[in-house]
Amino acid sequence: QKEVEQNSGPLSVPEGAIASLNCTYSDRGSQSFFWYRQYSGKSPELIMSIYSNGDKEDGRFTAQLNKASQYVSLLIRDSQPSDSATYLCAVSLGGGKSTFGDGTTLTVKP
Amino acid sequence: GAVVSQHPSRVICKSGTSVKIECRSLDFQATTMFWYRQFPKKSLMLMATSNEGSKATYEQGVEKDKFLINHASLTLSTLTVTSAHPEDSSFYICSALGGPDYNEQFFGPGTRLTVL
């Protein structure tokens, strides 16, 4: 079992829809959770971090964390073609080092 | 804020030569930086953790004598690929640890290395 698992996708949604990206992790001691966006040929960009159970909203992005279920998700509202990218889930036990999932590729169709 | 640069962005070298890649945190100090490599359509593979003023910590399977890491200041870490071979061709990305709780990674733009 991988430490951080994501649906590989690809996930395709129409423009304006909600895109839902999911991630599960295996280590119950995990403290910090991150979502990165990576465009093809580019490096990852941090878009959300979440540390406590519940929802955290930033613009069109909402991160949801459920430590009991070892589950973290990212919702993208009003999806735009520019949101088309690979989204990486990262989990940290602390100390800065993170374990990354393999990523989910999202395509938003105009 | 939290800008990380890498240089060069792209390098082509001959087999057997060494290549140095620089990673700089431009607007914050980074005690800890990380080096990754990424193959096409694959996830990030952590190579090593670079700590300012101390030896780097390498992940299992990464040859420390081949991938030399130096973190001589709070804003600069370097990765030197020694005696490069075609199988070392990859996308190398650094990140620097920052943020309000010092646990967020901010990535450089990456260096695409091609070894002929």
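Within the set A:27, A:55, the sole residue that is acidic (Asp, Glu) and either outside any strand (DSSP E or B) or open to solvent by less than 40 Å² (accessible area, probe 1.4 Å) (or both) turns out to be A:27.
Consider the stretch B:71-101 and keep the residues that are in contact (Cβ under 8 Å) with a residue 60 or more places away in the chain and open to solvent by 10 Å² or more (accessible area, probe 1.4 Å). The one that is farthest from the other protein chains (Cβ to nearest Cβ) is B:83. Here the stretch B:102-115 is the region considered, the condition is being of a type in the set (S, T, N, Q) and within 10 Å of chain A (Cβ to nearest Cβ), and the residue that is surrounded by the fewest Cβ atoms within 10 Å (Cβ to Cβ) is B:103. Checking A:82, A:12, A:73, A:20 one by one, the residue that is over 13 Å from the mean Cα position of the chain (by Cα), part of a strand (DSSP E or B), surrounded by fewer than 21 Cβ atoms within 10 Å (Cβ to Cβ) and modelled with pLDDT of 95 or more is A:12 and no other. A search for C-beta distances below 8 Å between a residue of the stretch A:84-110 that is more than 24 Å from residue B:31 (Cα to Cα) and more than 8 Å from every other protein chain (Cβ to nearest Cβ) and any residue that is modelled with pLDDT under 90 and open to solvent by 10 Å² or more (accessible area, probe 1.4 Å), counting only pairs 6+ apart in sequence or on different chains, returns A:104/A:7; A:104/A:8; A:104/A:9; A:105/A:8; A:105/A:9; A:106/A:9.
The values are calculated or read from the model by the stated rules, or taken from the named source; none is laboratory data. A quick note: this is a predicted structure, and the numbers were derived from the prediction, not measured. Cβ coordinates were reconstructed from backbone atoms using ideal geometry, including for glycine residues, and neighbour counts include every protein chain displayed. The accessibility values were calculated without ligands, DNA or RNA, using every heavy atom of the protein model including side chains. Shrake-Rupley method; radii C 1.70, N 1.55, O 1.52, S 1.80 Å.
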